[in-house]
Every structure is written in C-alpha cells, then in structure tokens.
Amino acid sequence: MYLATVVLAAVLGVAVIAMGTAYLLAPVTNAKGFGLPEWPEGALAAWLNIKGVRDLGMGVAILVLLATAGPHVMGWYLLVSALVPIGDAIVVLRHRGSKALAYGMHGATALVVIAVAAVLLLAG
C-alpha cells in the first residue's frame, strides 16, 4: 500500500504540473473547466496565469519532496496542500459556479490528497 501511495503522490505531482502548464499556455481555454460561471478575458486573463504558476510550483514541490524527503515530510506537505482544492471549491461555490465541478473535481481532489497524506503520515 505504501508503494502505491508513493506512486499516486508522484502522479499527483505530474498532474498538477500538467495543469499549471495548461493554465500558462492556454489560460482562458482551461479556465472553462475550473467551475466558475465567468472568467477574465483579454488583459485580465493574466490572472489565470497565477493559477498556472501556483500549480506548477506545487507539482514540482511534490516531486522534489518525493525524491529528497521521507514519507512523513511528504505527508505533511500534501495535507497542507489539500487546502488549495478546498479553497478552490469554496471560491467556485461562493461565485455560484458549477456545483458538480466544485464537489466532483475540487472536493474529490482534496479527498484524494488527504487520503494519500494520511497513508504517508502513518508510514512515516
């Protein structure tokens, strides 16, 4: 189970890097899948790049911690990182966005991250 959890953490890291890259390369196109009812366009679309940079940094941090730290450190990092998809879900709901995406994507992501964190913390 521990090895599967480490692999899942690596997959999470790569997925977050991919999402960040997508938001840097095509911010408006990717924003449509975030769950908000509206998104910035034109010069304001640069705000979407902030999500790209955030995701890119978090994904790289996951991979670096997997390579250099023990499961306990990685578990704590992932547990704290779960605040991001929780916050994303709250933002989507507060702005009357898609409940399906708020719960199904952001909420589910938070639950997976918390589950992986729990296994890593128990292994550490």
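Within the set Y2, Y23, the sole residue that is over 13 Å from the mean Cα position of the chain (by Cα), modelled with pLDDT under 95 and of a type in the set (F, W, Y) turns out to be Y2. Scoring A117 on the criteria (1) within 14 Å of A10 (Cα to Cα); (2) modelled with pLDDT under 95 leaves a single failure, condition (2).
So that you can scan it fast, the table gives a plain yes or no per residue for (1) touching a Ser or Thr at 6+ places or on another chain (Cβ under 8 Å); (2) loosely packed, with under 15 Cβ neighbours inside 10 Å; (3) closer than 23 Å to A4 by Cα:
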{"residue": "V16", "(1), (2), (3)": "no, no, yes"}
{"residue": "T21", "(1), (2), (3)": "no, no, no"}
{"residue": "L24", "(1), (2), (3)": "no, no, no"}
{"residue": "A31", "(1), (2), (3)": "no, no, no"}
{"residue": "L44", "(1), (2), (3)": "no, yes, no"}
{"residue": "I50", "(1), (2), (3)": "no, yes, no"}
{"residue": "P85", "(1), (2), (3)": "yes, no, yes"}
{"residue": "S98", "(1), (2), (3)": "no, no, no"}
{"residue": "I114", "(1), (2), (3)": "no, no, yes"}
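Within the range 90-110, the set of residues being within 11 Å of the chain's Cα centre (by Cα) and free of Cβ contacts under 8 Å to residues at least 24 places away in the same chain comprises G107, A108.
When I50 is tested against (1) hydrophobic (A, V, I, L, M, F, W, C); (2) in contact with a helix residue (DSSP H, G or I) (Cβ under 7 Å, 6 or more places away or on another chain); (3) closer than 29 Å to A118 by Cα, only condition (2) is not met.
When the range 22-66 is filtered for residues that are closer than 19 Å to A110 by Cα and acidic (D, E), only D55 remains. Being in contact (Cβ under 8 Å) with a residue 60 or more places away in the chain and either among the basic types (K, R) or over 24 Å from V28 (Cα atoms) (or both) is a property that does not hold for V80.
The values are calculated or read from the model by the stated rules, or taken from the named source; none is laboratory data. This structure is a prediction, so every number in the text was calculated from the model and none was measured. When we count neighbours, we look across all protein chains shown, and the Cβ atoms used for this are built from the backbone with ideal geometry, even at glycine.
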